[in-house]
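First the structure, in the form of structure tokens, and then the observations on it.
The values are calculated or read from the model by the stated rules, or taken from the named source; none is laboratory data. Remember, it's a predicted structure, so these values are computed and weren't measured experimentally. When we count neighbours, we look across all protein chains shown, and the Cβ atoms used for this are built from the backbone with ideal geometry, even at glycine. Note: accessible area is taken over every heavy atom of the protein model, side chains too, but ligands, DNA and RNA are not part of it. Shrake-Rupley method; radii C 1.70, N 1.55, O 1.52, S 1.80 Å.
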Amino acid sequence: MDTGRSVETSAHWGTFLVDVAADGASVAARPHADDPDAAPAIGNAAAAHRHPSRVARPSVRRGWLEDGPGADDRRGDPDEPYVEVDWDTALDLLAAEYRRVRSTYGDAAVFGGSYGWGSAGRLHHAQSQLHRFLNRTGGYTRSVGDYSRGASLVLLPHLLGADGTLALRRRPVSWQHVADHTDLVVTFGGLRRSNTWVVPGGHARHRGSDLARGAAATTHFVALSAQRDDAWDELGAEWIGVMPGTDVTVALALLHVLVTEGLADEEFLATHCVGAEEVAAYVRGESDGVPKTPEWAEAISRAPAAALRDLARRMAAGRTLVNVVYAVQRGEAGEQAVWAALTLAAFLGQVGLPGGGFAHGFGSMGDYGVGLDDGRLPVVDQGRNPVPDLIPCARIVDLLTSPGGELPFDGGVLRLPDVRLVHWAGGNPFHHHQDLRRLRSAFRGVDTLVVDETHWTATARHADVVLPVASSLERDDVAAGAGDTRLRVSRAATAPYGEAREELWILGRLAERLGADHDEGLDARGWLERIYEEWRAAPGSPPAPDFARFWADGGLDLPASPYPPEDAAFAAFRADPVGAPLGTPSGRIELVSSTIGGFGLPDVGRHARWRPPTAWWGATDAATYPLHLLCNQPTHRLHSQHDMGAASASTKVAGREPVRLHPADAAARGIAAGDVVRVRSAQGSLLAGAVLSDALMVGVAQMHTGAWFDPSAPEVADCVHGNVNVLTRDVPTSTLTQATSGAHVLVEVERHDGPVPPVRAFEPPVLVGR
Ligand SMILES: Nc1nc2c(c(=O)[nH]1)N[C@H]1C(S)=C(S)[C@@H](COP(=O)(O)OP(=O)(O)OC[C@H]3O[C@@H](n4cnc5c(=O)[nH]c(N)nc54)[C@H](O)[C@@H]3O)O[C@H]1N2
Ligand SMILES: Nc1nc2c(c(=O)[nH]1)N[C@H]1C(S)=C(S)[C@@H](COP(=O)(O)OP(=O)(O)OC[C@H]3O[C@@H](n4cnc5c(=O)[nH]c(N)nc54)[C@H](O)[C@@H]3O)O[C@H]1N2
Ligand SMILES: [Mo]
């Protein structure tokens, strides 16, 4: 390729270089030579850039154009055509629909939660743009929380206070603290190198792997997971197999050993915690007649009792850090595992000691524990939302299907408004949500679905109006992740595809039609200067040159660095629990929360406890669907983004998303490596390509999320490409936290012997001119 120009660009999977061909449009992407651990996802950029699945022009679903807004089962029909229109036509239609919905049903009838990861820049951040536009035109029903750690975000403020919860994310025990002080890291969920390739906003360089390697030289790691290869090789982690969703039993068994062998730190429990005696009584079985012994835990989790007994003693013998990866709380009753692990760390008495205590995010995000995050980066002001209505983000289907209904959440009750218009920008619900049949029927019930997209994703294929967006390679931006070493200029590499536009422009023109001002007369360059200068002038910002200089320099080094243990979360609280209390009712760590207990919920009590997930043990699902499928993050892409790219394609088997099976489970089903298999759950079915691996526990299977939804051959499977969310259950973690439980689901797998339908996921819809 003629590399006429080379441009630095930023994505959530890092900063990389794009070489632009002589035609000015096609690109090749390569890592920075000095990135110590560049993400393979970079290899997807070239194919995604000008792929036939790009949205070229504003497109309106024919059924909506002809019959107007309203419930419509043709949404998501693979044969439903779209009519390409010019921008004025699309924006006029949309403005009229916004006016109709707001004036007829009120502003809460617009849902703009729009959860998702979009792209990495600070200006062209899709949700910020959309929320700003919506706030300036009347407001919207919003969503709170996330799919990543939605259960923890609700639980932990009750146990640690709001500031403690924030500190756990932003100033955790760091890799450097681990290397310098920690004897033993015990992690619920393995430490996956591939997950650290991603940081919200991206990082200039991936430093986590070097830091982890440094820690491995001095620290012993024990990974509790259903997959032996979760923890990355350099860590040399010891593996204890634990069935998915059973971590609470393991944590309680470790507590049982501490309690019954006199290994708990009674003084720390007395001065820094509330409820230790009540928890100990539960663990001993005094409150429910079931002692939580290692043998009891083994029968449920399959973790060997002797290994757990030995592990608990080792944990008490030195400086120990208990880590929980996000996936562990992404299941039914998921918050209980976090509560139990925090309780375990509290009984060890090391919270707030250098390298000891509790962590929640090592192995989940690349920014975790690599530097201090002061939380301040340039931002677009979103304004104020006058509409009070909200949902926890994973309750989208309940919102759309139960207008006027009620939803318990965090001790209160939410009333669900009657939503008519849904506008999604920068997310892909057909990637992120569970039970896609249910999601599809919910979307079929709204009046109008608007989607801003770069590509014809499954969500765009369900939309009534699709607005083509310029990609991050096609616009100027500034980028940085939390705790980053550099605020980077991310320059446009090429012109936008087709008639795609920046959201700043799109929403600006839509706002004008609604009598509002979105962009305040500034173009992207003007806005970049504005948000940079506002950031530069704010108290606490590092010394920085003016915008022109910053832009010419291509970025600015930030003074982020590993930080001393005395700055880590809970160090001050440890030193002086009275003078520096936590923001909880007691000022201490609430192992027993009277607040949560006072909510009187049927499924969440006053302290961490074991609650068998409804669909698993003893229920019919377990007999019909005997395999436990883990649905976790993909190694070679971010979620569903750029699944058509070369790196992602290199992981596919028989052109489909791979499913990993233990050789014994495969043999019992007559399945060989490379076979096309059908995976079925109580919710739906998919085709996948079989991979065999003894790194899994017997009875456990694994697929990555993010294969593009392909409903083109429903007689064979709900998705013939392997989107795991046709299988997962749309049930909340609990009535307290209402988060996603998509991390695992029970399935059966069989060889698919019939004709294999082609994968059509990446084909654009039938496009017709007006
Ligand atoms: N079963 C199961 N499901 C899961 C998970 C799991 O573990 N198991 N994990 C969950 C988690 S943690 C998360 S965070 C979610 C992720 O879910 P999402 O964040 O919704 O997934 P993405 O594929 O990143 O979707 C981002 C979309 O934004 C588009 N986009 C990129 N740039 C722009 C832009 O500038 N403007 C606009 N308008 N669009 C843009 C991309 O093309 C893409 O379609 O998935 C969740 N779903
Ligand atoms: N390459 C890449 N990296 C990513 C992302 C991506 O899409 N691609 N997405 C990013 C996002 S948005 C997020 S939120 C984070 C998510 O970070 P995590 O939630 O930590 O990531 P997962 O890969 O879903 O799960 C990690 C491991 O947890 C284990 N696990 C699952 N359930 C259980 C359980 O019940 N018990 C135990 N003990 N282990 C369990 C599985 O073996 C799985 O491999 O990853 C981020 N990093
Ligand atoms: Mo996430």
(request) Identify the residue in the stretch 486-520 that is under 18 Å from residue 383 (Cα atoms) and assigned to a loop (DSSP other than H, G, I, E, B) and, among all such residues, is least open to solvent (accessible area, probe 1.4 Å). (result) 518
(request) Only residues that are small (Gly, Ala, Ser) and either open to solvent by 10 Å² or more (accessible area, probe 1.4 Å) or not in a helix (DSSP H, G or I) (or both): list them for the stretch 416-459, please. (result) 425, 426, 427, 441, 445, 458
(request) Please give the helices (runs of 4 or more DSSP H) falling wholly within the stretch 76-188 in which 3 or more residues are within 14 Å of ligand 1 (Cβ to nearest atom). (result) 126-136, 150-170
(message) Can you tell me which residue is nearest to residue 754 (Cα to Cα) among those in the stretch 682-701 that are open to solvent by 10 Å² or more (accessible area, probe 1.4 Å) and either free of Cβ contacts under 8 Å to residues at least 24 places away in the same chain or within 16 Å of ligand 1 (Cβ to nearest atom) (or both)?
(response) 685
(message) Among (1) under 19 Å from the mean Cα position of the chain (by Cα); (2) in the same structural domain as residue 196 (by TED's automatic domain parsing); (3) surrounded by 20 or more Cβ atoms within 10 Å (Cβ to Cβ); (4) more than 16 Å from ligand 2 (Cβ to nearest atom), there is one condition residue 166 misses while meeting the rest; what is its number?
(response) (3)
(request) Of the numbered conditions (1) crowded, with 21+ Cβ neighbours inside 10 Å; (2) in contact (Cβ under 8 Å) with a residue 60 or more places away in the chain; (3) part of a loop (DSSP other than H, G, I, E, B), residue 717 fails exactly one; give the number of that condition. (result) (2)
(message) Could you check the stretch 655-681 and list, in sequence order, the residues that are surrounded by fewer than 18 Cβ atoms within 10 Å (Cβ to Cβ) and either more than 24 Å from residue 622 (Cα to Cα) or of a type in the set (A, V, I, L, M, F, W, C) (or both)?
(response) 655, 664, 667, 668, 672, 673, 674
(message) surrounded by 24 or more Cβ atoms within 10 Å (Cβ to Cβ), among the acidic types (Asp, Glu), within 18 Å of residue 84 (Cβ to Cβ) and more than 23 Å from the chain's Cα centre (by Cα): is that true of residue 464 in this structure?
(response) yes
